[in-house]
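Before any comments, here is the structure.
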Amino acid sequence: MRHAKSDWADAGLSDHDRPLNARGRRDAPEMAKWLERHQAIPTVILASTAKRVEETIERLVKQWKQSPLILRSSSLYLASPQTILEHIRCDAVDAEGKRPARLLVVGHNPGMEQLVSALTGTFTVMPTAAVALFECSPILPEDEDAPRVQRLLAMGRPKEL
């Protein structure tokens, strides 16, 4: 998932500290409902430490009955596809140390768009709050690559809901 739409009104804020704007605050809960309709509420979320990502996740989680484990990493801020995959391979574990059945990564472009495009084999636009839902094979500790994508299940974009 790419974070929801951020606010550029305060030019004095660093990029990392920009909050969501009104559209972002509206879209994030709608995407939470979309994930629920697709039976894809995550058990673990890997997240950038940017303010707009934190606010996106807050609005997602408020819509769900159970809260996922949230793992934040500053290296996911503006991360490359390779860095995102490395986090999935190395850091995606639940509270019991097991691989989660449903994982959500919340990050930024261009990395999210590049990753989704690479996994689908075709250029895929990831506007703010977009979610690409993949079915993947289990990741084993000895695997060098992650994830092994079986197929794209669905693409959710706020403007298409």
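Using only helices, what value at 222 nm comes out for the chain when you add -39,500 (n - 2.57) per DSSP H run of length 4 or more and divide by the total residues, to the nearest 500 deg cm²/dmol?
Using -39500 (n - 2.57) per qualifying helix, the result is -9500 deg cm²/dmol.
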Two decimals is fine: what's Rg over Rh for the range 30-161, C-alpha atoms, Kirkwood radius as Rh? 0.92
Cα centroid separation - the range 14-75 against the range 80-102, whole Å: 17 Å
For the range 19-161, with the dipole built from +1 on Lys and Arg beta-carbon atoms and -1 on Asp and Glu ones, taken about the Cα centre, which of PRO100, ALA28, TYR77 lies farthest toward the positive end? ALA28
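Rounded to the nearest 20 debye, what is the charge dipole size of the chain about its Cα centre when +1 sits on each Lys and Arg Cβ and -1 on each Asp and Glu Cβ?
On the way: 22 positive and 21 negative charges, 138 e Å.
Here the size comes out at about 660 debye.
Per residue, how many Å² of accessible area does the chain show with a 1.4 Å probe?
53 Å²
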List the lysines whose alpha-carbon lies under 24 Å from that of LYS65, not counting same-chain residues fewer than 8 positions away? LYS33, LYS51, LYS98
When DSSP beta bridges are limited to those with both residues in the chain, what percentage is antiparallel, rounded to the nearest 5? 45 percent
Local electrostatic count at HIS3 - Lys and Arg +1, Asp and Glu -1, tallied over other residues with Cβ under 11 Å: +3
Taking the simple approach of a point 7 Å from Cα along Cα-to-Cβ for both ALA118 and ARG148, what is their distance in nm? 1.8 nm
Tilt of helix 51-61 relative to the longest C-alpha principal axis of the chain, in degrees (0 to 90, nearest 10)? 70 degrees
So what's the net charge close to MET126: Lys and Arg +1, Asp and Glu -1, counting the other residues with Cβ under 9 Å from its Cβ? +1
Hey, with R₀ at 41 Å, roughly what FRET efficiency would ALA101 and ALA11 work out to, going by the Cβ-Cβ distance, to 0.05? 0.45
Using the alpha-carbon atoms, what tilt in degrees (0 to 90, nearest 10) does helix 22-37 show relative to the longest principal axis of the chain? 30 degrees
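Tally up the carbon and sulfur contribution to the accessible surface of the chain as a whole percent, 1.4 Å probe, everything protein left in place. Please report the intermediate quantities before stating the final value.
Details: 4200 of 8540 Å².
After summing per-atom areas, the C and S share lands at 49 percent.
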Quick one: putting +1 on the C-beta of Lys and Arg, -1 on the C-beta of Asp and Glu, what dipole do you get for the range 57-143 around its Cα centre, in Debye to the nearest 20? 360 debye
By how many degrees, 0 to 90 and rounded to 10, does the Cα axis of helix 111-120 deviate from the longest principal axis of the chain? 40 degrees
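The values are calculated or read from the model by the stated rules, or taken from the named source; none is laboratory data. What you see is a predicted model, and the numbers here were worked out from it, not measured in a lab. No Cβ is skipped: glycine too gets one built from the backbone with ideal geometry, and neighbour counts run over all protein chains shown. Side chains included, ligands, DNA and RNA excluded: accessible areas come from the protein's heavy atoms. Shrake-Rupley method; radii C 1.70, N 1.55, O 1.52, S 1.80 Å.
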